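What follows is a single structure, written as structure tokens, with notes after it.
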Amino acid sequence: MVSDVEGGVALMVHVQPGAKRTAAVGFHGDALKLSVAAVARDGEANEAVIQLVATLFNVPPRRVQLLSGGVSRRKRVLISGMYASEVLAVLQAYFPPK
């Protein structure tokens, strides 16, 4: 789900476009599940994913980029300037173990 790569962290996400609201909603297999209100047309959902990831991890959107999955629900995003341990800490705070 999360791995350190050159320049930052690669994060796997599973996206549900056209949702009622934009939010991180949990996990889907080995990926963070994101719901975005934007539809999957002309990159609108991809831009919403970038904005949501930036907000979730408290980084500027310019530090988040799509590495793969531009036309798929399963995407790999890069968060520049972070470590996997930091991303995992945010995810654990956002989704505490039950």
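The values are calculated or read from the model by the stated rules, or taken from the named source; none is laboratory data. It should be emphasised that the depicted structure is a prediction, and the values quoted were computed from it without experimental measurement. FYI the Cβ positions are ideal-geometry reconstructions off the backbone, even for glycines, and counts take in every protein chain you see.
Odds and ends about this structure:
- Given (1) in a loop (DSSP other than H, G, I, E, B); (2) surrounded by 14 or more Cβ atoms within 10 Å (Cβ to Cβ), number of the condition Gly70 does not satisfy: (2)
- Condition check for Lys98: free of Cβ contacts under 8 Å to residues at least 60 places away in the same chain and in a loop (DSSP other than H, G, I, E, B): yes
- Selection from the stretch 1-27 of residues that are farther than 20 Å from Ser85 by Cα and part of a strand (DSSP E or B): His14, Val15, Gln16, Pro17, Ala23, Val25
- Residue count for the stretch 38-55 satisfying the condition of being in contact with a helix residue (DSSP H, G or I) (Cβ under 7 Å, 6 or more places away or on another chain) and buried (at least 17 other Cβ atoms within 10 Å of the Cβ): 3.
- Selection status of Val59, within 19 Å of Leu88 (Cβ to Cβ), at pLDDT 95 or above and in a helix (DSSP H, G or I): no
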